[in-house]
Amino acid sequence: MNNSTGSATINLINFLTPTGGTANGTVRLTISSATSYLLSVDVSDSVDLSVDLDIAVTMEADDRYTINTTSSGTINQYTVVFDNIVFDSAACENYPVGGSAVFSSGGENWTATFDSSCDRNFTLQ
């Protein structure tokens, strides 16, 4: 890892999506340090997707990182909070091995909890 910092912004204007719709919005990446990143996504499409999330990514090692939302965000009608979702490609190449995601809508909450089983399953409460 090096000590580069900086930021990049992608503005989407009528960006063609795989579903045949178009997406508009902004995706912003800010590199605070060699191990700390902020990804801001504010995108909606013409079909059925609306995302407004700020995600902090912290690299703990070359193959392990943790993501958290910096504040509650939204995906469509759901309020979303990511809490210490851990990815560790040495332990599990494709799925989270820890943490949780909380989805809220209409006064109801659902929590998806990830564990180290590496089988793409999670506990939903």
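Quick note: the coordinates plus some simple rules give every number you see, no bench work behind them. Here the structure is a predicted model, which means the values were calculated and not measured. Heads up, the Cβs are rebuilt from the backbone with ideal geometry, glycines too, and the neighbour counts pull from every protein chain shown.
Some observations on this one:
- Using equal-weight Cα scatterers in the Debye expression, the normalised intensity of segment 17-58 in log10 at q = 0.25, 0.35 Å⁻¹ is -0.79, -1.12.
- Under 20 Å from the Leu16 label point (7 Å along Cα→beta-carbon), backbone N, segment 30-50: 44-49
- Counted charge near Ser100, where neighbours are those whose Cβ lies closer than 14 Å (Asp, Glu -1; Lys, Arg +1): -2
- Charge dipole magnitude, Cβ of K and R +1, D and E -1 - segment 6-124, Cα centre, debye nearest 20: 220
- Added length on full extension, which subtracts the Cα-Cα distance from 0.36 nm per residue, Glu108 to Asn24: 27.3 nm
- The Kirkwood hydrodynamic radius of the chain, based on inverse pair distances between different Cα atoms, is 15.9 Å.
- For segment 6-124, share of DSSP beta bridges that run antiparallel, in % to the nearest 5: 100
- Extended-chain gain in nm, criterion 0.36 nm per residue less alpha-carbon gap, Ala8 and Leu39: 10.2 nm
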